[in-house]
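The values are calculated or read from the model by the stated rules, or taken from the named source; none is laboratory data. No experiment lies behind these values; they were computed from the predicted model shown. Because the Cβ atoms are built from the backbone with ideal geometry, glycine has one as well, and the counts that use them run over all protein chains shown. In case anyone asks, the SASA skips ligands and DNA or RNA and just uses the protein heavy atoms, side chains included. Shrake-Rupley method; radii C 1.70, N 1.55, O 1.52, S 1.80 Å.
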2 protein chains.
Amino acid sequence: MASAVPTPRPGTPPKRSFREQMHIAREDAIVSAVNRLLAEKGFDAMTVDEVAVEVGIAKASLYKHFPSKEDLAAAAMARVMERARAFLEGLDGSRAPLELLRDAARWTMEVQLAGEMPSLPSENSSLRATLTTHKGYVDGLMEVSERLGAWISAAQADGSLNPALPPIAVLYTLYARACDPVLGFLKGAGLYSNEQIIEMVLSTCFDGLRKR
Amino acid sequence: MASAVPTPRPGTPPKRSFREQMHIAREDAIVSAVNRLLAEKGFDAMTVDEVAVEVGIAKASLYKHFPSKEDLAAAAMARVMERARAFLEGLDGSRAPLELLRDAARWTMEVQLAGEMPSLPSENSSLRATLTTHKGYVDGLMEVSERLGAWISAAQADGSLNPALPPIAVLYTLYARACDPVLGFLKGAGLYSNEQIIEMVLSTCFDGLRKR
DNA sequence: GTCTATACCTCGATAGAC
DNA sequence: GTCTATCGAGGTATAGAC
């Protein structure tokens, strides 16, 4: 689209780098606002006007950065997926795989209870189309899934994870903790702290409802 | 509102009863359509126009039966709650409480996989207000919760259910199976039958991910 | 690139004839 | 009670001045 990019002369300070930094900082602020609003109200209830107000720019300016509401949501999902990837990468891979999976599930719940987990409808087709074509999101999802999948296999091999469950069922079960409504229900009950809630849901997830 | 109701003469067949039967039958058709559309697309994506088209009446006629979109959804929720209540009532109460809880969870998943489970956003406040003032829904929810609560207590007393979990956490965990996205994920994978999917999720719910 | 202003659309809800 | 026709609110996206 933009063809006339001025070539900086030798010795000239890199103006374009500064502008790009501003550009990136603004997009970062936009994604932060989108992330917060998606976590608070969900995709359908979030309006682009709200995003513009929260960022403090005009709505039309938003559309210079992101071509559609779906792309805004995809950017937020890509960021949280990158956060997940970085978290998993930072874990000590020499520990027991079951403990690593537990830490992964705990992390998603902490993010959700902190109001930082975007919630998207699973049925919206235009949104799914945008998500599946968003490179950052898809790449992050792939890497996260491969890492978790390796730990699942290892945990089944060492006898700590139920080997009768297909690995994909385990993977989906862990992903589902990120949007588990039980967290909100228990929070709404007002009887337990966030730590207690997470320990309870972790217990039901890994140990089940039946007594051991 | 309607003040001029003709008084039937003695010996005249009960016309009003017939009219009411028609009225009930039409409202039943409306609730069925709403239930199906809520299960398919969710509350936000469902439009009142779609409901009218599916029922085969004008949109304005819908509003003669139900005063708002929220009331349509509440009616659908009340019906499915009544179905749940009737299912639980039909179970053999002399069986082991843990088995009764398992049957309850299985039923909600069967309803979901059959495309008959309405899905509502948990954050929409106007919807929540309507739901909490809908007598049929609230009464059904109370009775279902009391019945499940009794079985939960009994199962913890007989040592089959983890006694360390608060009963309310168990109750919410069971309710959450009705909208568990894992069912749809696994269905979308195309690798397993509905029965296999339900058995897998039941296993993770009651036995947990860890090996026993 | 950002702003104001608006086009265009969809949706929930209603008025009024029949 | 049902219909046609429409209103008003609110949504995404864009045009054009600066």
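Worth a mention:
- Scan of the stretch A:32-47 for residues that are surrounded by 20 or more Cβ atoms within 10 Å (Cβ to Cβ), within 10 Å of DNA strand D (Cβ to nearest atom) and without any contact (Cβ under 8 Å) to a residue 60 or more places away in the chain, ordered by number: A:M46
- Criterion: surrounded by 16 or more Cβ atoms within 10 Å (Cβ to Cβ), at negative phi and touching a helix residue (DSSP H, G or I) at 6+ places or on another chain (Cβ under 8 Å) - qualifying residue of A:A155, A:A164, A:A189: A:A155
- Meeting the requirement of 2 or more residues that are free of Cβ contacts under 8 Å to residues at least 12 places away in the same chain, more than 9 Å from chain A (Cβ to nearest Cβ) and of a type in the set (S, T, N, Q), the helices (runs of 4 or more DSSP H) wholly within the stretch B:118-202 are B:125-132.
- Subset of the stretch A:81-126 (residues that are polar (S, T, N, Q) and open to solvent by 30 Å² or more (accessible area, probe 1.4 Å)): A:S94, A:Q112, A:S119, A:S122, A:N124, A:S125, A:S126
- In the stretch A:48-80, the residues that are outside any loop (DSSP other than H, G, I, E, B), open to solvent by 20 Å² or more (accessible area, probe 1.4 Å) and either small (G, A, S) or more than 12 Å from DNA strand C (Cβ to nearest atom) (or both): A:E50, A:E54, A:A60, A:S61, A:K69, A:E70, A:D71, A:M77, A:R79
- Some residue of the stretch B:84-94 being among the acidic types (D, E) and away from DNA strand C (no atom under 16 Å from the Cβ): yes
- Subset of the stretch B:30-49 [within 21 Å of the chain's Cα centre (by Cα), away from chain A (no Cβ under 14 Å) and not hydroxyl-bearing (S, T, Y)]: B:I30, B:V31, B:A33, B:V34, B:N35, B:V48
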